Ligand code: KG4
Ligand code: ZN
């Protein structure tokens with residue numbers, strides 16, 4: 001019979017992630033990452049200008065067995081040495097999530113080890129534990145991904161408070177939309193960054209309430225509209241725009257409020273450590289401005305490597321490790337969820 005698990009001190013956990021276009025698997029022992037493997041369908045998706053859910057599901061079906069095999073081999077463990085399987089059950093594309101979830105259920109069942117259902121966003125938060133094995137709550141996190149933009153206060157390993165979020169688009173969504181306006185291919189964020197590197201932030205696009213750092217809400221629709229209007233006005237007047245300057249100006253306006261509010265929030269709350277997670281945290285301009293702002297304010301910054309900011313399974317295994325210690329095991333009837341509220 002499935003069940004009756006003993007909790008171990010330093011569990012070996014397999015993480016599986018399949019919420020969007022990355023099929024990923026990773027193995028962690030306690031806090032030590034042993035392997036992390038990603039097979040991405042981004043190149044295939046780029047032909048269609050964005051993620052096509054059915055293509056993502058099919059790609060996960062083809063890749064899930066391979067990423068798990070590689071993750072276990074690179075970790076130099078046997079499958080029967082696993083103590084639990086942690087898997088993203090939401091938020092994300094339903095069909096894509098179901099591939100990873102069904103695979104994880106079968107594996108956990110056949111090995112008679114616990115199944116841990118991980119909220120993808122909590123995974124992004126847990127990425128910081130991989131890059132600093134000594135990191136302990138409390139800390140303030142800047143979360144900026146394709147679906148979320150928020151500042152969070154993690155008080156202990158399992159509880160966090162949401163201090164501020166976005167009133168409309170997420171930061172990553174804004175990067176992707178501006179990429180489309182500028183005619184850049186998918187994935188938008190990294191391409192906007194690349195273009196911005198050749199430009200100067202000379203255009204004064206609006207920033208989301210940056211003057212009032214105690215207001216922790218963000219808004220990206222005004223910035224996006226300002227970029228659209230700038231490009232359309234220039235076109236109507238027959239004027240050439242400098243796309244690199246537009247990208248650099250947008251990037252500065254999108255990122256400065258994130259950095260300023262995160263630092264202001266840590267100082268206000270008297271929390272000495274700042275962490276960050278989510279795809280937008282792979283942005284070099286964000287990384288350098290957040291690093292200097294934290295250094296200037298005397299705050300410790302734990303910044304996950306870029307490969308652990310964008311979607312990966314190491315963060316799912318890391319969050320799995322926390323949930324394992326808390327004994328939060330999932331039932332075999334657990335289903336995938338397209339939307340999970342941040343809190
Ligand atoms: O965390 P993530 O990989 O997936 C979600 O959970 O949403 O974040 C993806 C988002 C996309 O909007 C992508 O354009 C953005 O992160 N992104 C970036 C960069 N790399 C990824 N945005 C700006 N600069 C980057 N270098
Ligand atoms: Zn993500």
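Of all the numbered requirements in (1) over 20 Å from the mean Cα position of the chain (by Cα); (2) free of Cβ contacts under 8 Å to residues at least 40 places away in the same chain, residue 231 misses one, and that requirement is (2). Suppose we keep only residues that are part of a strand (DSSP E or B) and within 16 Å of ligand 2 (Cβ to nearest atom) within the range 251-285. Which one would you say is nearest to residue 123 (Cα to Cα)? Looking at the filtered set, the residue picked out is 277. Any idea which residue in the range 152-162 is surrounded by the most Cβ atoms within 10 Å (Cβ to Cβ), counting only those that are closer than 11 Å to residue 342 by Cβ and in contact with a helix residue (DSSP H, G or I) (Cβ under 8 Å, 6 or more places away or on another chain)? Residue satisfying both the conditions and the ranking: 152. Kindly list the number of the only condition in (1) under 27 Å from residue 4 (Cβ atoms); (2) in contact with a helix residue (DSSP H, G or I) (Cβ under 8 Å, 6 or more places away or on another chain); (3) touching a residue at least 40 places away in the same chain (Cβ under 8 Å); (4) not in a strand (DSSP E or B) that fails for residue 51. Among (1) under 27 Å from residue 4 (Cβ atoms); (2) in contact with a helix residue (DSSP H, G or I) (Cβ under 8 Å, 6 or more places away or on another chain); (3) touching a residue at least 40 places away in the same chain (Cβ under 8 Å); (4) not in a strand (DSSP E or B), residue 51 violates only (1). Residue 310 meets all of the listed conditions (1) within 13 Å of ligand 1 (Cβ to nearest atom); (2) surrounded by fewer than 22 Cβ atoms within 10 Å (Cβ to Cβ); (3) not in a helix (DSSP H, G or I) but one, namely (2). Scanning the range 9-29 for residues that are more than 18 Å from residue 107 (Cβ to Cβ) and out of contact with any helix residue (DSSP H, G or I) (no Cβ under 7 Å at 6 or more places or on another chain) turns up 9, 10, 22.
Checked against (1) in a strand (DSSP E or B); (2) crowded, with 18+ Cβ neighbours inside 10 Å, residue 172 meets all criteria but (1).
Residues considered: 147, 123, 189. Of these, the only one that is within 16 Å of ligand 1 (Cβ to nearest atom), under 18 Å from residue 50 (Cα atoms), in contact with a helix residue (DSSP H, G or I) (Cβ under 8 Å, 6 or more places away or on another chain) and in contact (Cβ under 8 Å) with a residue 60 or more places away in the chain is 189. Looking across 56, 46, one residue alone is within 15 Å of ligand 1 (Cβ to nearest atom), surrounded by fewer than 19 Cβ atoms within 10 Å (Cβ to Cβ), within 22 Å of the chain's Cα centre (by Cα) and more than 27 Å from residue 275 (Cβ to Cβ). It is 46.
Values quoted throughout were computed directly from the atomic coordinates according to the rules given, and no laboratory measurement underlies them. Quantities reported herein were computed from a predicted structural model and do not represent experimental measurements. For neighbour counting, all protein chains shown are included, and Cβ atoms are generated from backbone atoms with ideal geometry for every residue, glycine included.
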